[in-house]
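Undergrad: Pasting a structure below so you can have a look.
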Amino acid sequence: MTFPVQNFKVRLANARMLSPYVRELTFEKEDGGPFEFEAGQWVNVHIAGEPGKPDDVTRAYSIASEPNGRNTFQLAVT
């Protein structure tokens, strides 16, 4: 199955340390809708720059949770 490119906003729902160098971040879609994906897919995380500091940041991360049809997903970040 192929999923179309989607743009959506998320909020950080939880963060926990998995090791001294790896943190698991759990994100939740703000609209409450399901986040559907296949194993091995990734997301681009875009963080807008602060007012007066216009540098936006975009990074790609592999999804670290299993596809479950819920509105949350996890990323493992070093």
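The values are calculated or read from the model by the stated rules, or taken from the named source; none is laboratory data. This one's a predicted model, so the numbers in the text were calculated from it and none came from an experiment. Cβ coordinates were reconstructed from backbone atoms using ideal geometry, including for glycine residues, and neighbour counts include every protein chain displayed. The protein model used for the area step is the full one, side chains on, heavy atoms only, and it has no ligands, DNA or RNA in it. Shrake-Rupley method; radii C 1.70, N 1.55, O 1.52, S 1.80 Å.
Undergrad: Could you size up the charge dipole of the chain around its Cα centre, putting +1 on the beta carbon of Lys and Arg and -1 on that of Asp and Glu, and report it in debye to the nearest 20?
TA: In debye, rounded to 20, the chain gives about 180.
Undergrad: So, one more: Would you list T72, T78 from the most to the least accessible area, probe 1.4 Å? Intermediate results must be reported in sequence, preceding the final value.
TA: Working: T72 30, T78 140 Å².
In descending accessible area the options line up as T78, T72.
Undergrad: Could you provide, to the nearest whole Å², the per residue accessible area of the chain with probe 1.4 Å?
TA: Details: 5900 Å² over 78 residues.
Heavy-atom SASA per residue in the chain reads 76 Å².
Undergrad: Carbon and sulfur together cover what percent of the accessible area of the chain at a 1.4 Å probe radius? If you can, show how the numbers build up before the last one.
TA: Details: 3030 of 5900 Å².
About 51 percent, which is the carbon plus sulfur part of the accessible surface.
Undergrad: Residues in the range 41-55 near a label at E66, defined as backbone nitrogen under 16 Å from the 7 Å Cα→Cβ point?
TA: Within reach of a label on E66: 41.
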